[in-house]
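The values are calculated or read from the model by the stated rules, or taken from the named source; none is laboratory data. Bear in mind that the values here come from a model prediction, so they are computed numbers and not experimental data. Positions of Cβ are generated from backbone atoms using ideal geometry, with glycine treated the same way; all protein chains shown enter the neighbour counts. Areas reflect the complete protein model, heavy atoms only, side chains present, ligands, DNA and RNA absent. Shrake-Rupley method; radii C 1.70, N 1.55, O 1.52, S 1.80 Å.
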Amino acid sequence: MATAKRYDRISQGDEPVADIWWYPIHRAAFLSVPDVVSLFCHQASDINELDSEGRSPLIYVLLGRQEDPIARQLSALHLLRAGADASIADDNGNTAMHYAAAYGDASLVSLLHEHGCNVDSQNATGGTPLHSAAEAVLGTSREVVDALIATGATTTIRNSDDQTARDLCLSNPRCLCKELFQTSK
């Protein structure tokens, strides 16, 4: 069953900046209400449907940043069990793992890894999820860095600016786990 796209116009003042579109399953994932996400998963919705920027519903679970980590994890789990592809990257090459790392969600890092998301996938600028964690605007979470390293993240990968995650963390005043990176090579 096909679902209708929802269009939104993003404006800056009176000037339209961009038109974006998404499907209802994206909104359900963004809100991360497990029962609603489960309902979409059991209907004919395409679990891997992409929005206008190439983002899957699984990525929307991370974008929504639902305050309740259990609701967020259950929503992601419903999508993954229904066949969501954890390795889908958006138009910038970011996977759900990049978003989980950037938003400091260690439990989702582990869950995504268990469902086949590559901890070393590189985005359009060559950044890995470890790079995303190291330059997190909200501050790098020690638990996320630990989870990424525990799942096999490579600490020596360089992005297109020739920087490792360690380089980014040491130059980021919000990186809260510099000691982890100071000992890595």
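Points to keep in mind about this one:
- Long-range neighbours under 6 Å by Cβ, at least six apart or interchain, first residue more than 14 Å from Ser87 (Cβ to Cβ) within region 51-68, second of a type in the set (Asp, Glu): Glu53/Asp90; Glu53/Asp91
- Helices (runs of 4 or more DSSP H) within region 61-164 that include 2 or more residues at pLDDT below 95 and farther than 15 Å from Phe30 by Cα: 96-102, 106-114, 129-134, 142-150
- Scanning region 52-62 for residues that are buried (at least 19 other Cβ atoms within 10 Å of the Cβ) and of a type outside the set (Lys, Arg) yields Ser56, Pro57, Leu58, Ile59, Tyr60, Val61, Leu62.
- Residues in region 36-51 that are surrounded by 15 or more Cβ atoms within 10 Å (Cβ to Cβ) and out of contact with any Leu (no Cβ under 7 Å at 6 or more places or on another chain): Val36, Ser38, Phe40, Ser45, Asp46, Asn48, Glu49, Leu50, Asp51.
- Checked against (1) under 16 Å from the mean Cα position of the chain (by Cα); (2) surrounded by 16 or more Cβ atoms within 10 Å (Cβ to Cβ), Ala82 meets all criteria but (1).
- Flag for Thr154 being touching an Asp or Glu at 6+ places or on another chain (Cβ under 8 Å), open to solvent by 50 Å² or more (accessible area, probe 1.4 Å) and hydroxyl-bearing (Ser, Thr, Tyr): yes
- Test result for Leu50, within 18 Å of Ala29 (Cα to Cα) and modelled with pLDDT of 95 or more: no
Here is a yes/no grid of residues against (1) crowded, with 20+ Cβ neighbours inside 10 Å; (2) of a type in the set (S, T, N, Q); (3) at positive phi:
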| site | (1), (2), (3) |
| --- | --- |
| Ile88 | no, no, no |
| Thr95 | yes, yes, no |
| Leu130 | yes, no, no |
| Ala133 | yes, no, no |
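- Single unsatisfied condition, Val37 versus (1) over 14 Å from Ala100 (Cα atoms); (2) under 14 Å from the mean Cα position of the chain (by Cα): (2)
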